[in-house]
Amino acid sequence: MAGSKFFLDSMEAHRQNRFGKLRWSGARLTLVVVGVTLLAHLPASAQSRDASSAHQPVAGVQKPSFTVNPLTGQVSASASDYEPLTNQQRWHLYFTQTYASVGAYAGPVFSAGFDQATREPDRWGGGFRGYARRLGSRMGSDVIEHSVQAPVAALLKEDTRYIVSGQHGFLHRAGHVLLYTLFTYNAQGRRTLNIANLAGNYAASAASALWLPGRRDIPLFTLTDGSTETGLGVVVNMVQEFWPEIHHKLLHLP
């Protein structure tokens with residue numbers, strides 16, 4: 001009887017753990033819906049502006065802008081005057097985006113705070129020690145993601161920047177965001193599947209499964225967590241696409 005009770009208790013604990021992970025994934029996906037909804041309520045006058053105006057190159061300067069967004073940690077390129085990255089620019093972008101910008105740390109700090117608030121993973125507990133572990137996990141995942149994405153993109157001649165649509169109207173631009181969560185430009189400025197980004201997301205998920213506490217099915221975790229991170233890219237790209245309007249709104253500029 002004692003053995004049966006132990007077995008049943010173990011099965012119940014396993015079930016609760018799996019449901020907890022599903023609830024956590026659902027909460028993160030909810031952020032996508034919330035982010036899109038908030039952006040949809042931007043003033044219509046702001047939505048009608050050309051988002052690519054903030055990405056126009058300075059006269060006489062040929063290098064693309066490597067200004068890293070302080071909220072998303074991403075860099076944008078304009079579809080209307082697209083210029084592919086050189087190899088030297090690729091590695092400069094990798095270093096800036098991964099280590100040498102405010103945006104490289106803002107995302108992990110916020111994500112670790114959300115993990116702390118939701119006690120994910122629960123075994124890391126609370127307090128400063130728990131937050132430090134979650135922050136280290138998030139930063140490690142980001143470094144792995146970018147370190148896989150950059151060489152794969154260089155090999156396949158894919159652009160690691162978000163391609164701003166340059167279109168007018170919320171619906172057109174939101175549709176572009178959804179499309180370019182999975183696609184990017186190649187060296188010829190043509191649309192191509194963003195294999196490097198997908199590889200980075202799934203590689204980071206697989207690596208994090210090795211240091212996160214608790215026993216888990218690594219292939220399943222890699223698939224579910226990597227897919228969730230790819231889906232959350234919609235929110236990141238929404239911010240990139242509408243950054244000129246968001247920036248004006250935050251600073252209360254006309």
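The values are calculated or read from the model by the stated rules, or taken from the named source; none is laboratory data. The structure displayed is predicted, hence computed values, not measured ones. Virtual Cβ from ideal backbone geometry, glycine too; neighbours counted across all protein chains shown.
With respect to ARG138, determine if the residue is over 30 Å from GLU83 (Cα atoms) and not in a loop (DSSP other than H, G, I, E, B).
Details: over 30 Å from GLU83 (Cα atoms): yes; not in a loop (DSSP other than H, G, I, E, B): yes.
It is true that ARG138 is over 30 Å from GLU83 (Cα atoms) and not in a loop (DSSP other than H, G, I, E, B).
Pick out the one residue from LEU135, LEU85, LEU71 that is touching a helix residue (DSSP H, G or I) at 6+ places or on another chain (Cβ under 8 Å), free of Cβ contacts under 8 Å to residues at least 60 places away in the same chain and of a type in the set (A, V, I, L, M).
LEU135
Looking at (1) within 23 Å of LEU71 (Cβ to Cβ); (2) touching a Ser or Thr at 6+ places or on another chain (Cβ under 9 Å); (3) assigned to a loop (DSSP other than H, G, I, E, B), can you tell me which one VAL143 breaks?
All conditions are met except number (3).
At least 3 residues that are over 15 Å from GLN74 (Cβ atoms), out of contact with any Lys or Arg (no Cβ under 6 Å at 6 or more places or on another chain) and without any contact (Cβ under 8 Å) to a residue 60 or more places away in the chain in each: list the strands (runs of 3 or more DSSP E) lying fully within the stretch 155-254 that qualify.
191-193
So, PHE128, is that one closer than 22 Å to PRO151 by Cβ, out of contact with any helix residue (DSSP H, G or I) (no Cβ under 8 Å at 6 or more places or on another chain) and surrounded by fewer than 19 Cβ atoms within 10 Å (Cβ to Cβ) or not?
So PHE128 fails the test.
Regarding ALA174, is this residue surrounded by fewer than 19 Cβ atoms within 10 Å (Cβ to Cβ), over 24 Å from GLU83 (Cβ atoms) and either over 12 Å from the mean Cα position of the chain (by Cα) or at pLDDT below 95 (or both)?
Numbers: surrounded by fewer than 19 Cβ atoms within 10 Å (Cβ to Cβ): no; over 24 Å from GLU83 (Cβ atoms): yes; either over 12 Å from the mean Cα position of the chain (by Cα) or at pLDDT below 95 (or both): yes.
No; evaluated as a whole, the condition is false for this residue.
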